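First comes the structure, then the notes that go with it.
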Amino acid sequence: MIACYLEVADGRMSSKTPPRKPLKSTQSVPFSGANISPRAERLARGSQLLVIDPNEETRRQVVAHYFAQGWNVRDAATTRTAIDISVEQQPDLMIVEFNMPDVEPRHLFRTLRSSVEHDVMIVGLATPSPTLSEQAREVSADVVLEKPIDLQAIDAFVNGTKSR
């Protein structure tokens, strides 16, 4: 089972299980009207995505999945490269390994968020641990999903945000 840690209005984290039913690309609705947030508009097909993970297989899997959906995807294996790309690319979504080997998660997520000039969505990926809920609260990620990576859970979160 994969748990999603979502920040609720009072700053606490709540744990929810993502839906089991896969999303179909034909279910997407084009954006129109004034009620769509700038963040949601940026998450349309063709959006910029940055995948940050030291594991080459994880990066390959995520890049292939989102490239096939029409995203402009870049990836980085190191924190330094990730920060350089985020400044250059200004991604709309970042999928980030929570425990990069060369930096503390809190510092990594805050640095990545501050490197982008607009409201970027950050999805963290983490190995389950007893302190994950507490750690997820400390970083500025929009959501932290437990590993192993579940692309449907990421899609569900991103698509849920787009429809808000």
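The values are calculated or read from the model by the stated rules, or taken from the named source; none is laboratory data. Predicted, not measured: the structure shown is a model, and the values here were computed from it. With ideal geometry, Cβ positions are generated from the backbone for all residues, glycine too; neighbour counts draw on all protein chains shown.
Numbers at a glance
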| item | result |
| --- | --- |
| Residue, farthest from D53 (Cα to Cα), within the stretch 92-144, restricted to residues that are β-branched (V, I, T) and either assigned to a loop (DSSP other than H, G, I, E, B) or at pLDDT below 90 (or both) | T131 |
| Unique match (being closer than 14 Å to V51 by Cβ and surrounded by fewer than 17 Cβ atoms within 10 Å (Cβ to Cβ)) among A68, A76 | A68 |
| Residues within the stretch 116-164 that are within 19 Å of D92 (Cβ to Cβ), in contact with an Asp or Glu (Cβ under 9 Å, 6 or more places away or on another chain) and of a type in the set (S, T, Y), tallied | 1 |
| Test for P91: is it loosely packed, with under 14 Cβ neighbours inside 10 Å and at negative phi | no |
| Matching residues in the stretch 104-143 - criterion: being β-branched (V, I, T), in contact with a Pro (Cβ under 9 Å, 6 or more places away or on another chain) and within 18 Å of G160 (Cβ to Cβ) | V120 |
| Flag for A136 being crowded, with 16+ Cβ neighbours inside 10 Å and in contact with a Lys or Arg (Cβ under 9 Å, 6 or more places away or on another chain) | no |
| Candidate set: the stretch 84-131, residues that are free of Cβ contacts under 8 Å to residues at least 24 places away in the same chain and of a type in the set (S, T, N, Q); chosen: the one nearest to I154 (Cα to Cα) | S129 |
| Qualifying residue in the stretch 70-83 (condition: closer than 16 Å to I154 by Cβ and in contact (Cβ under 8 Å) with a residue 40 or more places away in the chain) | no |
